[in-house]
Amino acid sequence: MSIWFKSFAIADLQLASKNTMVDHLGIKITEIGADFLRGTMPVDERTIQPMGLLHGGASIALAETLGSLAANYVVDHALFYCVGLDINGNHLRAAKSGIITGTAKPLHLGSSTQVWTIEMVNEQNQLTCISRLTMAVLRKK
């Protein structure tokens, strides 16, 4: 069973992200599942901190991108939109190069809030960061 309000394509998400921080960081949406959204982000000069490691803020940007996009496709766009209330992240393993893949899955899909978990792994499928994102579901005026 799908959690999505209506079907959508990866191309729609990439187009909506053009000329944003998502685009600047090289975040790409790669897969839409029945109950998840997956995307990647490179570990490169745009996403590392001065010590040459993946910046924790970049990991959180990937998490919020995936969770926020997913949250907004669970609701009826004609009536609602979702915005972030809270995000946290535990950085578990450093990354110096390659691609980080994040997967957002819902923990709670309520009428006024949603809670998403976003797991990020390196190319060896080792967990690098886990994040939890709380979204407010707001009615359009």
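The values are calculated or read from the model by the stated rules, or taken from the named source; none is laboratory data. Everything numeric here is computed off the predicted structure, so don't read it as measured data. Cβ atoms come from the backbone with ideal geometry, glycine included; neighbour counts cover every protein chain shown.
In this structure, does GLY39 turn out to be in contact with a Gly (Cβ under 9 Å, 6 or more places away or on another chain) and part of a strand (DSSP E or B)?
Taking the combined requirement at face value, the residue satisfies it.
Quick one: would you say LEU54 is under 24 Å from LEU138 (Cα atoms) and touching a residue at least 12 places away in the same chain (Cβ under 8 Å)? Please lay out each step first, then the result.
Details: under 24 Å from LEU138 (Cα atoms): no; touching a residue at least 12 places away in the same chain (Cβ under 8 Å): yes.
The answer is no for LEU54.
Considering region 1-31 alone, what residues qualify as being among the small types (Gly, Ala, Ser), under 26 Å from HIS108 (Cα atoms) and touching a Lys or Arg at 6+ places or on another chain (Cβ under 8 Å)? Please lay out each step first, then the result.
At the first step, the residues of region 1-31 found to be among the small types (Gly, Ala, Ser) are 2, 7, 9, 11, 16-17, 26.
Next, from what is left, pick out any that are under 26 Å from HIS108 (Cα atoms): 2, 7, 9, 16-17.
Once the filter is applied, which keeps residues that are among the small types (Gly, Ala, Ser), under 26 Å from HIS108 (Cα atoms) and touching a Lys or Arg at 6+ places or on another chain (Cβ under 8 Å), region 1-31 yields nothing.
Would you mention how many residues in region 1-33 are at pLDDT 95 or above, assigned to a loop (DSSP other than H, G, I, E, B) and in contact with a Phe, Trp or Tyr (Cβ under 8 Å, 6 or more places away or on another chain)?
Looking only at that region, the number is 2.
Could you list all residues from region 79-103 that are surrounded by 14 or more Cβ atoms within 10 Å (Cβ to Cβ), assigned to a strand (DSSP E or B) and either among the β-branched types (Val, Ile, Thr) or on the phi > 0 side of the Ramachandran plot (or both)?
Of everything in region 79-103, those that are surrounded by 14 or more Cβ atoms within 10 Å (Cβ to Cβ), assigned to a strand (DSSP E or B) and either among the β-branched types (Val, Ile, Thr) or on the phi > 0 side of the Ramachandran plot (or both) turn out to be ILE87, ILE99, ILE100, THR101, THR103.
Look through SER59, SER131, SER68 and report the one residue that is surrounded by 15 or more Cβ atoms within 10 Å (Cβ to Cβ), in a strand (DSSP E or B), in contact with a strand residue (DSSP E or B) (Cβ under 8 Å, 6 or more places away or on another chain) and among the small types (Gly, Ala, Ser). Step through it out loud before you land on a result.
On the way: SER59 fails: in a strand (DSSP E or B); SER68 fails: in a strand (DSSP E or B).
The conditions single out SER131.
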